[in-house]
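Below is one structure, written out as structure tokens, with a few remarks after it.
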Amino acid sequence: MNSKDIINIFKDRKGKSIRRFKKSSVVIPILEKDGETYILFEKRALSLRSQPGDICFPGGKLEQGEDYRQAAARELKEELGLEDKDFNILGEMDYFISPYGNMMYPFVAELYKDPDNYNTDEVDHVFYVPLEFFLKNEPECYTMKVGPHLDENFPFHMIRGGRDYKFTTDNLNQYFYKYKDYVIWGFTALIMKVFTDILKSEGEDK
């Protein structure tokens, strides 16, 4: 291989992430009831292997050939038993890349009906929280440190400084909303806080 070969390979090449991420979409479902706006949440089925009983939004991993918006629509239909006519995806939220290799794209969707046929294999039940609750109540915030967890067989001898090397660490804010008997936390609470902050910021600009 010579420089001409390298030029041909990299000419007009578009970069992509070196790291492979688990890609998923989630949806913030909003619903008008009696003149008030509510946010729909799910309690995950207790039989699930991953995060049973946690509070979450509808969502899941992208399937082959899907884009993020298509995955969001599919998850609304699969988890909440909705049809295309029952909702409208309004637009995108800010996406999130976690320290654990997850790339999550949230969307905001308006529901036109109460889901009354949700998938009980994935959803224990759904419940609604008034949007006003989030606008008036800041979540509790706790800091969690993230960084390398190295095995004993890690080759410290190959690094200048060895075990004393200053590996990069970071702090991750964990938010908690308490509503009645429910605790909304983790990525769901983070997404909800960002959503609320956008509403407050955009509302002030108008």
With θ set to phi - 60°, apply the Karplus curve 6.51 cos²θ - 1.76 cosθ + 1.60 along the stretch 48-60 and write out the HN-Hα couplings as whole Hz, x wherever there is a Gly or Pro.
-> 6, 6, 9, 6, x, x, 6, 8, 8, 9, x, x, x
For PHE176 and LEU150, compute 0.36 nm times the residue count separating them, minus their Cα-Cα distance, and round to one decimal in nm.
-> 6.4 nm
Global size of the stretch 37-139 as Cα Rg and Dmax, reported in angstrom = 14.0, 40
List, in the order given, every pair from LYS136/LYS200; LYS43/LYS145; LYS85/LYS113 whose Cα-Cα distance in the structure shown is over 18 Å.
-> LYS43/LYS145
Report the dimensions of the chain along its three principal axes from the alpha-carbon atoms, largest first, rounded to Å.
-> 68, 45, 43
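Which order do the peptides 161-171, 103-113 take when ranked by the mean count of other beta-carbon atoms within 10 Å per residue, highest first? Kindly include the intermediate steps, with their values, before the conclusion.
Working: 161-171: 8.8, 103-113: 18.6.
Final packing ranking: 103-113, 161-171.
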Net charge dipole size for the stretch 132-185 [Lys, Arg +1 and Asp, Glu -1 on Cβ; Debye, nearest 20] = 140
How far is helix 68-80 tilted, in degrees, relative to the longest principal axis of the Cα atoms in the chain, given as a value from 0 to 90 rounded to the nearest 10?
-> 50
Report, in whole Å, the centroid distance computed from the Cα atoms of the stretch 145-162 and the stretch 1-64.
-> 30
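Only counting other Cβ atoms within 10 Å, I'd like ARG20, ARG69, ARG44 sorted with the fewest neighbours first.
Lowest to highest Cβ neighbour count: ARG20, ARG69, ARG44.
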List the residues of the stretch 149-181 whose backbone N lies under 16 Å from a point placed 7 Å from the Cα of ILE18 along the Cα-to-Cβ direction.
-> 168
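Contact order normalised by length for the chain, with contacts defined as Cα pairs under 8 Å and 6 or more residues apart; what percent is it? Don't skip to the end; give the middle numbers.
On the way: 320 pairs, mean separation 43.2, N = 206.
Relative contact order comes out at 21 percent.
Only the coordinates and a few stated rules stand behind these numbers; no lab work does. Note that the structure is a prediction, hence the values are computed from the model and not measured. When we count neighbours, we look across all protein chains shown, and the Cβ atoms used for this are built from the backbone with ideal geometry, even at glycine.
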